[in-house]
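Encoded as structure tokens, the structure appears first; notes follow it.
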């Protein structure tokens with residue numbers, strides 16, 4: 001069993017991005033620039049936003065926080081988005097979710113210029129992913145694909161079972177892996193992307209255990225500790241755990257600890273590869289945001 | 001075994017649409033209007049276009065053929081599309097595929113105003129389908145969903161195996177059936193849409209037979225006669241055959257006959273329901289185009 005060390009891979013990619021930025025600077029060019037819109041000050045969101053801004057700055061991107069009050073009207077937020085859409089000094093931006101309940105997240109996501117939608121959540125980008133066309137891929141699926149690639153795990157002809165049908169993980173993940181391969185990264189040519197037989201499972205699925213037992217790769221993104229147990233996993237399966245759940249732990253300084261959706265202790269010994277939580281998918285998601293921003297930047301200078 | 005009679009259901013829906021149009025006329029309102037762009041005069045395309053125009057006129061829509069020469073430049077075609085995009089007398093239009101090889105189909109599809117994209121092929125509409133949001137659904141998947149619904153076949157919790165990953169059938173079909181249900185049609189409330197466990201199979205799939213044997217519903221859209229054989233189908237399966245293949249038949253007047261992707265003779269006795277070819281999915285695809293046009297029209301008058 002080998003650990004898919006997302007923390008380490010993310011660090012490697014950040015280093016690669018940092019070198020790209022230094023090369024841009026040496027050539028007298030501007031650096032990629034990302035803005036993050038945060039509405040209100042939900043503590044979990046603040047943690048995510050802080051980590052994203054920090055990661056941006058570490059690789060040398062310009063990173064700007066646009067902090068808006070929790071009681072901002074939807075119309076005011078949309079006006080701010082329009083402003084960022086037409087701000088040429090910003091390559092891409094994201095609106096940190098969740099938003100306060102008086103604001104419609106779909107309306108907000110659709111208002112972002114899809115060329116700047118570095119979270120890859122706009123319907124146009126989701127559609128490009130679904131059609132197998134180049135576009136901005138949703139950050140977590142992009143990160144998982146990258147992680148598999150960096151470990152030389154191919155997906156061609158493999159049976160991939162995706163559990164969970166969220167718009168930010170499960171569905172775009174399934175779409176990405178079912179495509180004919182169209183992207184190749186340097187150094188990674190041996191690894192085939194896409195071309196998987198994909199089964200998408202969710203709360204209405206019957207026989208989840210039987211389906212999982214036929215999988216070569218299982219990707220779990222539900223948000224429920226111990227959803228995937230050892231009896232559901234065949235020997236040699238690759239397991240990717242997207243869940244991040246807080247469970248009480250009086251022995252911990254914070255009073256809680258983070259676990260994924262997988263019963264890691266019992267599942268791991270059966271796996272060929274498995275992601276830990278934390279340190280697996282999470283760091284890859286953040287680095288994907290940086291890669292998406294770099295992609296938009298590169299497109300803008302090559303057009 | 002019961003035949004899923006697409007021809008009959010399509011006739012019923014055309015009658016419903018005709019009544020809707022008559023009601024619009026009685027209220028002094030304009031009628032829905034569709035344009036079809038045909039480039040060149042490929043005989044198969046001409047047959048499809050003629051059938052679509054005929055179907056439009058039968059239900060009382062305005063239908064306009066925009067016939068363009070085979071050697072039109074891509075730029076000229078895009079100019080024509082822009083004209084239709086801003087023509088308020090047209091609710092929706094389609095560009096009949098395939099296009100001559102000097103024209104990029106993706107560029108053309110993306111140039112259509114997605115609000116008028118009644119084929120549902122624009123990335124924005126594909127993305128809405130993938131996200132489970134209201135939008136224009138690709139015609140063939142919409143037709144298949146409607147056919148299942150009209151026969152009271154539910155998909156909740158069922159294992160649906162989709163064979164074929166084309167952008168016009170396989171992928172949008174898979175996406176449609178994996179969603180949480182969001183659409184309901186009158187008279188059909190007993191039938192649940194979506195909520196299926198979906199497996200998408202294709203040319204790289206291993207163990208296709210084993211996967212098919214676990215299916216409650218199999219949807220085949222490959223374009224290969226006899227792809228699905230009796231040994232691949234469990235008793236009681238619902239089989240939907242999207243293939244339309246010409247095979248030589250000297251005993252026929254035309255010298256050929258149409259068959260699907262399913263070995264109908266041997267598969268049908270094992271099925272609970274099965275679509276014939278012709279007369280199954282084909283008529284539903286055309287009627288979906290009419291329903292999409294009516295949907296765009298209704299949206300335009302209720303905004």
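We did not get these values from a lab; they are worked out from the coordinates using the rules stated. As the structure is a prediction and not an experimental result, all values here were calculated from the model. Here Cβ is always computed from backbone atoms with ideal geometry, including for glycine, and neighbour counts include all displayed protein chains.
Averaged over the residues of A:161-168, the number of partner chain Cβ atoms lying within 10 Å of the residue Cβ comes to 2.
The simple spin-label model puts a point 7 Å past each Cα toward its Cβ; for residue A:74 and residue B:97 those points are separated by 3.4 nm.
Which whole number gives the average, over all residues in A:127-136, of C-beta atoms from other chains lying within 10 Å of the residue C-beta?
Numbers: counts 16, 6, 4, 11, 12, 3, 6, 0, 2, 0.
Mean partner shielding for this stretch: 6.
Express the relative contact order of the range A:126-282 as a whole percentage, based on alpha carbon pairs under 8 Å and six or more residues apart in sequence.
It comes to 20 percent, rounded to a whole number.
Distance from the B-onto-A rotation axis is smallest for the Cβ of the chain B residue given, in whole Å, as B:127, 2. Summary value for chain A: 20 percent relative contact order, contacts being C-alpha pairs under 8 angstrom separated by 6+ residues.
How would you order B:73-79, A:95-101, B:162-168 from highest to lowest mean count of nearby Cβ atoms within 10 Å?
Values: B:73-79: 13.6, A:95-101: 16.6, B:162-168: 23.4.
Descending packing order for the listed peptides: B:162-168, A:95-101, B:73-79.
Sorted fewest first by neighbouring Cβ atoms within 10 angstrom, A:175, A:298 come out as A:298, A:175.
Normalised by residue count, the range B:7-155 yields a Cα convex hull volume of 128 Å³ per residue. Label point of residue B:51 (7 Å along Cα→beta-carbon): distances to the other copies' equivalent points are 5.3 nm, sorted ascending. Distances between copies at residue A:76, taken between label points 7 Å from Cα along the C-beta direction, are 5.4 nm in increasing order. Fully extending the segment from residue A:15 to residue A:256, taken as 0.36 nm per residue of separation minus the present Cα-Cα distance, adds 83.6 nm.
Enclosing the Cα atoms of the range B:138-282 in their convex hull gives a volume equal to 115 cubic angstrom per residue. Helix B:43-59 and the long axis of chain B differ in direction by around 70°, with both axes built from C-alpha atoms.
Please compute, for peptide A:199-209, the average count of beta-carbon atoms on other protein chains lying within 10 Å of each residue's beta-carbon. Walk me through the intermediate numbers first.
Numbers: counts 10, 9, 5, 8, 3, 11, 7, 6, 4, 1, 0.
Going residue by residue through A:199-209 and averaging, the value is 6.
Just to be sure I follow: if Rg is taken over the C-alpha atoms of the range A:88-182 and Rh is the Kirkwood radius over the same atoms, what is Rg/Rh? Show your work: numbers first, answer last.
Numbers: Rg = 14.4 Å, Rh = 14.4 Å.
Rounded to two decimals, Rg/Rh equals 1.00.
How large is the helix-only mean residue ellipticity at 222 nm for chain A, computed as the sum of -39500 (n - 2.57) over DSSP H runs with n ≥ 4, divided by its residue count, in deg cm²/dmol to the nearest 500? Before the final figure, lay out each step's value.
Working: 10 runs with 119 residues, N = 303.
Helix contribution divided over all residues of chain A: -12000 deg cm²/dmol.
If both residues of a DSSP beta bridge must be in the range B:138-282, then about 20% of such bridges are antiparallel. A simple spin-label model places the labels of residue B:206 and residue A:89 5.5 nm from each other, with each point 7 Å out along Cα-to-Cβ. Projecting 7 Å from Cα along the Cα-to-Cβ direction, the label point of residue A:12 sits 5.8 nm from its equivalents in the other copies, listed shortest first. Oblate is the label for the range B:31-113, because the ratio a/c of its alpha-carbon gyration tensor axes (a ≥ b ≥ c) is 1.5 or higher and a/b is not greater than b/c. Once the Cα atoms are used to define both axes, helix B:6-26 deviates from the longest principal axis of chain B by about 30 degrees. Nearest 5 percent is fine: what portion of the DSSP beta bridges confined to the protein assembly as shown is antiparallel? For the protein assembly as shown, the DSSP antiparallel bridge percentage is about 15.
Here, P(r) means the percent of Cα pairs in each 10 Å bin from 0 to the largest distance; for the protein assembly as shown it is 3, 15, 25, 26, 19, 9, 2, 0, 0. In whole percents, the pair-distance distribution calculated for the range B:66-131 from its alpha-carbon pairs, binned every 5 Å from zero, is 3, 17, 29, 25, 16, 7, 2, 0.
For each of B:110, A:201, count neighbouring Cβ atoms within 10 Å of the residue's Cβ, then give the residues from fewest to most.
Final ranking by Cβ density, sparse to dense: B:110, A:201.
Axis angle, to the nearest 10 degrees, between helix A:139-150 and the longest C-alpha principal axis of chain A: 60 degrees.
With all projection directions averaged, the alpha carbon convex hull of chain B covers 16.3 nm². Counting only DSSP beta bridges whose two residues both lie in chain A, roughly 10 percent are antiparallel.
For a paramagnetic label modelled on residue B:41 (point 7 Å from Cα along Cα→Cβ), amide N atoms under 15 Å away belong, within the range B:48-82, to B:48-50, B:66-72.
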